[in-house]
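Structure first, commentary second.
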Amino acid sequence: MIAAQDRKLALWNIGVAYIAFLIGTLCGLLQVFIRNDALQLPSWLDYYQILTAHGVLLALIFTTYFIFGFFVTGMSKSLGSFGPKVLLYSWIGFWVTTIGTVMATVMIISGEASVLYTFYAPLKASGWYYVGLALVIVGTWISSFALVGHYVVWRKAHKGELSPLFAFMTITTIIMWIIACLGVVATVLFQYIPWAFGWVDTINVELSRSLFWYFGHPLVYFWLLPAYMAWYVIVPKLLGVKVFSDSLARLAFVLFILFSIPVGFHHQLTEPGISNFWKFLQVVLTFMVIIPSLLTAFSMFGTFERAGRKNGGQGLFGWFTKLPWKDVRFTSIFVAMAFFIPGGAGGIINASFQLNEVVHNTMWIVGHFHITVGTPVAMTFMGLTFWLVPYLTGRKFSKVMQKLGFIQIITWTIGMLLMSTSQHILGLLGAPRRTAYTGYNNHPSALEWFDGILTNHVTMAVGGSILFLSAMLLIYIVVMTMFLSPKAELEADFVEFPMADSDKEHTPKFLENWWIWIGIAFALIIIAYAIPLYGMIHHAPPGSEGFKTW
Amino acid sequence: MKKTKPAKEENLKGTFVSVMSVGVIIIVMWVVVYYMYVAR
């Protein structure tokens with residue numbers, strides 16, 4: 001078990017994550033009922049407030065806190081206990097992030113920031129909302145540098161050695177996160193805050209969107225890489241084998257540093273202010289970032305087959321039946337991976353330049369991120385929660401909890417299949433996203449969208465309700481394992497951190513030479529962004545005043 | 001010179017078929033949306 005002070009830090013992070021999860025999923029439930037006309041909100045609350053809270057609290061806050069809880073535990077486990085400085089800065093980071101989160105949430109609840117989680121200008125929120133978001137980012141940077149400091153101390157004490165795979169992957173994710181945040185920090189500090197407080201009258205909209213998406217796409221990988229860490233490092237241990245290939249795992253991760261950032265324009269393919277050449281270049285780079293995900297898919301199937309054959313699986317797919325399906329820690333993550341197959345395929349469609357026109361700003365996109373971040377990432381985090389919380393609290397994870405865990409992931413799977421399939425089909429038919437329900441003044445074509453068995457509001461509401469029940473079951477499991485389950489006393493009752501061994505004797509040392517990867521990453525960023533961003537500033541269109549549409 | 005016996009290759013045929021299936025899913029989904037794009 002890791003040191004008590006490190007456990008406390010990790011538990012606080014996970015605790016805040018699940019408070020955000022609770023409020024965020026409740027907002028999701030309210031949305032499907034409002035769309036179904038089954039619920040009338042009080043006058044002080046509107047659909048866009050709830051939509052903003054749902055996005056911010058789940059996509060930004062739940063993920064970030066959970067990720068740091070996971071990182072803290074894994075870094076302490078793989079590199080040793082945190083020193084006093086690392087602990088101090090980790091706590092400072094935690095509290096700065098928390099102050100920012102509270103500020104942003106208060107602004108959303110008070111109706112001053114119904115700008116959705118992408119906060120596109122010229123929608124204008126209260127300046128304090130942007131200050132809150134900036135504090136969230138700064139807080140994560142402080143926490144990140146604390147973990148980097150812990151890693152540097154380890155490297156100094158182990159000269160010439162490759163770091164453990166978990167630590168390597170944590171540092172990769174942090175490097176990518178810090179470089180990615182430069183875009184959002186620039187736009188929030190230099191554009192949104194002066195504009196929202198009235199120090200300047202107008203904002204350069206195209207520039208703000210471009211800087212947001214410079215950050216927004218790698219944000220997706222900030223969610224995904226910790227899930228991949230679980231797939232590469234935790235899953236093999238649950239299966240009783242080693243990491244499939246240490247070199248492959250490290251290569252896949254450094255490729256994310258290179259290719260996850262200079263790709264933001266694929267979110268802006270329908271925007272007029274960027275020339276086709278730069279869009280096309282970033283589409284090509286987007287397709288490069290598919291490679292490490294495909295490496296990961298290969299590695300996972302290889303791990304499963306190796307484990308299944310070790311347990312006596314024969315024939316082409318006999319190994320599949322020999323996997324530990326009765327272990328909720330494994331099954332949950334397997335389902336998460338399965339969702340990522342259509343999720344990733346949908347992402348390729350979104351990024352395919354002209355094909356983006358079919359799905360852009362439609363409900364397809366909402367469906368897409370519910371089967372990427374909403375299940376592959378979120379359900380991996382659920383699978384981690386089942387052992388991570390009892391590991392940190394020293395409590396039992398009983399057979400009853402294991403059964404509840406299965407009910408939780410089965411219900412999440414059913415709810416998500418209903419809801420996301422409906423959203424994908426509605427999007428292909430043309431139903432818009434970012435808006436409350438609209439029948440376009442009862443136009444027959446728009447009304448037809450919602451007539452299908454899978455696409456009607458009732459199906460979506462049933463899916464959303466099942467998801468909410470599943471979320472509440474998870475909250476129950478978290479509360480029990482955090483505060484109420486009996487303490488483990490016998491050796492067999494203690495829950496372990498399942499970290500797989502990884503053979504690194506054949507792994508090339510240059511994979512851990514960060515300057516190579518940071519250097520190439522910045523070169524690619526400059527190639528992809530310098531000229532179009534310069535154009536947006538030098539040939540800036542007239543700026544826009546702020547709009548408050550709610 | 002004494003010949004060393006080559007190590008037995010690990011059987012990863014199931015992995016090969018599985019990753020090919022992932023490829024097929026990607027292509028099928030892409031082609032469906034492509035035809036919708038062309039048809040519109």
Item to complete: Excluding residues on the same chain fewer than 8 positions from residue A:310, give the aspartates and glutamates whose Cα lies under 20 Å from its Cα.
Response: A:246, A:327, A:501, A:503, B:9, B:10
Worksheet item: Hey, which aspartates and glutamates would be in cross-link range of residue B:8, C-alpha to C-alpha under 18 Å, not counting anything within fewer than 8 residues on its own chain?
Response: A:305
Fill in: Dipole moment magnitude, nearest 20 debye, segment A:394-550 about Cα centre, only Lys, Arg, Asp, Glu C-beta charged
400
Worksheet item: Modelled label-to-label distance, residue A:157 and residue A:247, 7 Å Cα→beta-carbon offset: nm?
Response: 3.0
Discussion item. What do you get for GluC sites (Glu not before Pro) in segment A:471-513 restricted to DSSP loop and a cutoff of at most 14 other Cβ within 10 Å of the site's Cβ?
Written reply: A:489, A:496, A:505
Worksheet item: Residues with amide H under 5 Å of residue A:362's amide H, sequence separation 5 or more or different chain, H placed in the peptide plane at 1.01 Å from N; which?
Response: A:433
Practice prompt. Return the calculated 222 nm mean residue ellipticity for chain A, to the nearest 500 deg cm²/dmol, obtained by summing -39500 (n - 2.57) across DSSP H runs with n ≥ 4 and dividing by the residue count.
Written response: -22000 deg cm²/dmol
Worksheet entry | Summed residue charge, Cβ within 14 Å of residue A:35's Cβ, Lys/Arg positive, Asp/Glu negative | 0
Worksheet entry | Rg/Rh for segment A:268-316, where both radii come from Cα atoms and Rh is the Kirkwood radius | 1.41
Worksheet item: Ranking A:323, A:426 by Cβ neighbours within 10 Å, fewest first, what do you get?
Response: A:323, A:426
Fill in: Pair residue A:3, residue A:400: separation of 7 Å Cα→Cβ label points (nm)
3.6
Practice prompt. List every residue whose amide H lies under 5 Å from the amide H of residue A:123, counting only residues 5 or more places away in sequence or on a different chain, with H placed 1.01 Å from N in the peptide plane.
Written response: A:547
Worksheet entry | Residue (of A:119, A:447, A:470) at the positive-pole extreme of chain A, dipole from beta-carbon charges | A:470
Worksheet item: For A:370, A:457, what's the fewest-to-most ordering of other Cβ within 10 Å of each Cβ?
Response: A:457, A:370
Fill in: Alpha carbon convex hull of segment A:194-262, volume per residue in cubic angstrom
89
Worksheet, complete the sentence: Averaged over residues of B:8-17, the number of beta carbons from other chains lying within 10 Å of each residue's Cβ is 6
Practice prompt. With only alpha-carbon atoms counted, please give the Rg and Dmax of chain A, in Å.
Written response: 22.9, 70
Worksheet item: Structure shown: which of A:322/A:399; A:77/A:237; A:322/A:487 lie over 26 Å apart, alpha-carbon to alpha-carbon?
Response: A:322/A:487
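Only the coordinates and a few stated rules stand behind these numbers; no lab work does. Since we're looking at a predicted model, the values are computed, not measured. Glycine also receives a Cβ, built like all others from the backbone with ideal geometry; neighbour counts cover every protein chain displayed.
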